[in-house]
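Readers should treat all values here as calculations from the given coordinates under stated rules, not as data from a laboratory. Owing to the predicted nature of the structure, the values given are computational and were not obtained by experimental measurement. Here the Cβ positions follow ideal geometry from the backbone for every residue, glycine too, while neighbour counts run over all protein chains shown.
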Amino acid sequence: MRVGKIQRNTRETQISLSWDLDGEGVYKGSCGVGFFDHMMQALCVHGGFDIELAMKGDLEVDCHHSIEDLGIVLGMALKEALKDKGGIRRYGSFYIPMDEALGFCALDVSGRAFLVFDASFENPSVGTLDCCMVKEFFRALAFQAGITLHLKVLYGENDHHKIEAIFKAFAHALREAVTETDKGVLSSKGVL
């Protein structure tokens, strides 16, 4: 069973999270930011992951701490669930069309944290999510999990569609990368 369970409490957020990599595609809970809960649900449905979240954040300030800290905790949970990263495909990539927008994700579950984020947004927010927090979320997740992560919106007009396209592309690419194989660690070094 590949599950990561993390509890993290700061003065800004209190988060308890469980991430089952071999789930049914179910998201339970809320981060308190409606559009971001929609993205978390998309991540679960399209990745076949189960995420259970209990969270309280200082949303009276803005969404920054909540979204970034959720990325941190998800990255920690992913790292815990994958342990030594043995027996997985390691790499994944996927394109997602979302109406007029096209999103792409390529990733390597390598133990080496890196983010390339090539997306721009026309508006400051979608619902109560500040668009600038999308990059911060993925940076926090990638650096905590040890993933080399490339995300790109190739084109699009609607910010909702652009963000959703990269979340769904990430979900499919990650599902591909964490798919189990009957081999050991996929590295010429023998370790990741």
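Computed quantities for the displayed model
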{"read-out": "Anchor LYS183: aspartates and glutamates whose Cα lies under 19 Å away (excluding residues fewer than 8 positions away in-chain)", "value": "ASP22, ASP84, ASP108"}
{"read-out": "Pair SER93, CYS132: separation of 7 Å Cα→Cβ label points (nm)", "value": "3.2"}
{"read-out": "Straight-distance crosslink candidates among aspartates and glutamates, where the alpha carbon sits under 15 Å from LYS135 and sequence neighbours closer than 8 are dropped", "value": "GLU68, ASP69, ASP118, GLU122, ASP159, GLU164"}
{"read-out": "Linear extension gain, TYR155 paired with ARG11, 0.36 nm per residue minus alpha-carbon span", "value": "48.0 nm"}
{"read-out": "FRET efficiency, 1/(1 + (r/R0)^6) with R0 45 Å, evaluated for SER30 and PHE114 via beta carbons", "value": "0.90"}
{"read-out": "Computed E for HIS64/THR181 - FRET, C-beta separation, R0 41 angstrom, nearest 0.05", "value": "0.60"}
{"read-out": "Kirkwood Rh and Cα Rg combined as Rg/Rh, segment 3-178", "value": "0.93"}
{"read-out": "Residue order, fewest to most surrounding Cβ atoms within 10 angstrom, among VAL61, VAL109, VAL3", "value": "VAL61, VAL3, VAL109"}
{"read-out": "Per DSSP, loop GluC sites (Glu not before Pro) in segment 1-64 with at most 10 further Cβ within 10 Å", "value": "GLU24, GLU60"}
{"read-out": "Sparsely packed trypsin sites (Lys or Arg not before Pro) within segment 1-93, loop by DSSP, other Cβ within 10 Å at most 15", "value": "ARG11, LYS83, ARG89"}
{"read-out": "In order through segment 142-150: 3J(HN,Hα) via Karplus (6.51 cos²θ - 1.76 cosθ + 1.60), integer Hz, x for Gly, Pro", "value": "4, 6, 6, 7, x, 10, 8, 10, 10"}
